[in-house]
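Below is one structure, written out as C-alpha cells, with a few remarks after it.
What follows draws every value from the coordinates through simple rules; no lab data is involved. Given the structure is predicted, the values throughout are model-derived calculations rather than measurements. Every residue, glycine among them, receives a Cβ derived from its backbone with ideal geometry; neighbour counts consider all protein chains shown.
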C-alpha cells in the first residue's frame, strides 16, 4: 500500500513540476515586435503599422497572393501587449451581394470551425476573419499553430465561395 501511495505522490509531484514549467512558457499577450516575428516565422510577410486612434499594432501580411490584415486588440502597457489578434481578408465581388452570396457565406459558417465569413454591404465585398485569443496564456507552439492555420482558413473560404457559385 505504501508503494502505491509513494508512486502517486511522486507522480503528482512530477506533474506539478511539469505543469509549473509549462506555465512559465506561456504568453497571454503579444507586442508588435512579437507579432511581426510570429507572422514572419509562419511565412506570412508582415509589414507593421499602428492603429491611428489607439496605437495598437496592425500588421499587413500576405498568404500567397492574398493580402490580409491583423489587428491586435485588448492592448495594455508600453509597448502595448495585446490579448487578441483579429485576422481578416476582404475580397471585392465587383457587384452587389446577392441572395446566393448570403447562402454561400452561411454555409461556410455552419461548416467551418475556424474563421467566420461575412458580407460587407455597400462595399460589394465578402471576407473572412479569424480570432486568436491569448487571454489566460498559450504556449509559443500553440500560438504558432494558430497563426499557421490562418492560410488554411483563407483557402477554405475561397474554395467554399467558388464551389458555392459553381466556379472551380
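Cβ crowding within 10 Å, taken as a proxy for footprinting-reagent exposure, orders 91, 108, 114 from fewest neighbours to most as 114, 91, 108.
The chain: Rg/Rh from Cα coordinates, Kirkwood Rh?
With Rg and the Kirkwood Rh in hand, the quotient comes to 1.14.
Here the calculated FRET efficiency for residue 60 and residue 100, from their Cβ-Cβ distance with R0 = 25 Å, stands at 0.25, rounded to the nearest 0.05.
For the chain, the mean residue ellipticity at 222 nm estimated from helices alone is -14500 deg cm²/dmol, where every DSSP H run of n ≥ 4 contributes -39500 (n - 2.57) and the total is divided by all residues, rounded to the nearest 500. Taking every C-alpha pair closer than 8 Å and separated by at least 6 residues, the mean separation divided by the residue count of region 13-168 gives a relative contact order of 22 percent. Footprinting exposure proxy ranking of 62, 146, fewest other C-beta atoms within 10 angstrom first, gives 62, 146. Exposure proxy ranking for 150, 69, based on other Cβ atoms within 10 angstrom of each Cβ and starting from the fewest, stands as 69, 150. Counted residue by residue at 0.36 nm each, then reduced by the alpha carbon distance between them, the extension gain from residue 114 to residue 26 reaches 29.5 nm.
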